[in-house]
Amino acid sequence: MQTITINGRFLTQPLSGVQRFARELTMALDARIAAGTVPDGLKDVTWQLAVPNGTTVDLNLKVIGVDSFGSGPGHLWEQTALYAHARGRRLLGFGGSGPLLHRRQAVVIHDVTIFRHPGSFKRSYRMLHGALGFALTRTAKIATVSEFSRQELASVFKVPATGIDVVYNAVDHFAAIAPDERIIDRLGLSTNGFFLLVGTMKPNKNLDFAICAFEALGDTGRKLVVVGGSAPTVFKSKDTASTGSILYPGRLTDAEIVALERHATAFVFPSLYEGFGIPPLEAMTQGCPVLASDIPAVREACGTAALYFDPTRQAELTAAIRRICDEPALRQSLKDEGRLNVGRFSWDRSAVSILDMLAAL
């Protein structure tokens with residue numbers, strides 16, 4: 001009987017967009033396999049999730065088995081233990097890496113941010129993942145998360161775009177999260193009394209730009225809540241202690257973020273570069289209007305359901321913030337369009353794309 005192995009290294013890593021993609025798609029694949037709704041060529045296949053020894057597997061899997069073996073740093077485990085274990089099998093990786101000597105694998109490379117915004121990463125990380133990308137795009141079946149990223153991968157790695165599949169991100173998991181409303185009182189907030197920004201410490205996320213644009217409004221009576229990393233390396237000229245109008249609560253749970261999105265005037269997404277752009281879609285699931293950076297991947301994800309601004313022109317974001325404050329009809333229109341827009345994406349449809357790709361591998 002044939003076996004397909006899923007590279008489960010993502011379960012050893014901190015949860016971010018790539019790991020969320022891997023987790024949700026693994027569970028969506030499991031549901032399809034359990035229901036028998038897979039291509040004919042995959043109906044008699046055994047599925048295994050391969051992880052290093054000692055890895056906590058907290059996925060509710062019905063059909064996909066868990067196979068623990070080997071140890072050591074992640075890349076070393078992939079190139080040695082995983083390679084030896086998966087020889088002769090089809091191998092699926094969601095995190096942009098995999099054993100270079102394996103010749104029957106599919107790998108999802110999410111973006112080429114390391115090339116477009118190298119300052120966001122350590123040099124060692126850029127060199128390693130750049131080399132992996134060049135090698136895998138020549139030896140493995142490659143997929144990515146948007147049409148924009150497909151063209152970017154083709155350009156950077158000098159391979160035909162036609163050979164790269166698109167498997168979209170989705171946010172239906174986020175729509176099902178129950179809000180933790182206690183965060184509203186804890187931060188002293190009120191409905192429609194604040195803007196929400198969720199970001200990390202990477203320079204390409206452009207958080208300082210958005211904070212300056214908000215400050216340029218002057219006293220509007222509203223606050224800006226900046227969720228996520230608040231280290232000085234992010235806000236180079238900013239004191240990240242909370243002030244009267246800008247709050248830095250640090251990292252929050254998904255349930256707390258859901259509650260904030262349900263009460264915010266709007267969600268601000270100022271990123272300079274993305275492979276797709278999940279956070280604005282998550283906000284849309286909660287009926288939160290979105291102000292988004294006018295860059296190709298975000299346009300592809302958000303369609304007409306966002307109010308766009310140039311992420312290099314502070315005055316444009318300031319004007320968009322002012323407009324969303326002054327026009328209740330615009331806020332309602334963006335809420336309605338946002339709910340329709342997120343319906344274009346689902347983990348189940350993305351799982352179908354993965355299954356079709358594997359069937360042809």
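No value in this document is a laboratory result; all are computed from the given coordinates. Computed from a predicted structure; not experimentally measured. Note that each Cβ is placed from the backbone with ideal geometry, even for glycine, and that neighbours are counted across all protein chains shown.
For the reader, a short list of remarks on this structure follows.
- When only the Cβ of Lys, Arg, Asp and Glu is charged (+1, +1, -1, -1), the dipole of the range 56-151 relative to its Cα centre reaches about 340 debye.
- Its Cα gyration tensor gives the range 1-100 an equivalent ellipsoid, and the semi-axes of that ellipsoid, as √(5λ) in whole Å with the largest first, are 21, 16, 11.
- One compactness figure for the range 177-342 is 0.93, namely its Cα radius of gyration divided by 2.2 N^0.38 Å.
- Charging the Cβ of each Asp and Glu at -1 and of each Lys and Arg at +1, and nothing else, the dipole of the range 177-342 about its Cα centre rounds to 200 debye.
- When DSSP beta bridges are restricted to pairs lying wholly in the chain, around 0% turn out antiparallel.
- (1) 67, 47, 44; (2) 63, 47, 36; (3) 66, 42, 39, with the label sought being that of the calculated Cα extents along the principal axes in Å: (3)
- Between the range 107-131 and the range 1-71, the C-alpha centres lie 25 angstrom from each other.
- Positive-end residue of Leu136, Ala297, Gly228, charge dipole of the chain with Cβ unit charges: Leu136
- By the beta-carbon count within 10 Å of each Cβ, the least crowded to most crowded order of Met1, Met284, fewest first, is Met1, Met284.
- Sorted by Cβ neighbour density within 10 Å, fewest at the top, the residues Asp30, Asp67: Asp67, Asp30
- Within the chain: Cβ-based charge dipole about Cα centre, in debye rounded to nearest 20 (Lys, Arg +1; Asp, Glu -1): 1040
- Per residue, the chain reaches -11500 deg cm²/dmol at 222 nm when only DSSP H runs of four or more residues are counted, each adding -39500 (n - 2.57).
- If you run the Gaussian network model on the chain, springs between alpha carbon atoms under 10 Å, then out of Val198, Val66, Val290 the most flexible one is Val66.
- Taking all Cα-Cα distances within the range 265-336, those exceeding 15 Å account for 46%.
- Too-long pairs where the Cα-Cα distance tops 26 Å, listed order kept, from Lys141/Lys335; Lys62/Lys202; Lys202/Lys223: Lys141/Lys335; Lys62/Lys202
- Considering only Ser245, Thr191, Gly287, and ranking their Cα positions along the charge dipole of the range 177-342 that arises from unit charges at the beta-carbon of Lys, Arg, Asp and Glu, the one farthest toward the positive end is Ser245.
- Between 0 and 90°, nearest 10: helix 17-35 axis offset from the chain longest Cα axis: 50
- Alpha-carbon centroid distance for the pair the range 242-318 / the range 146-196, whole angstrom: 9
- Taking Arg313, Arg23 and counting other C-beta atoms within 10 Å, the order from fewest to most: Arg313, Arg23
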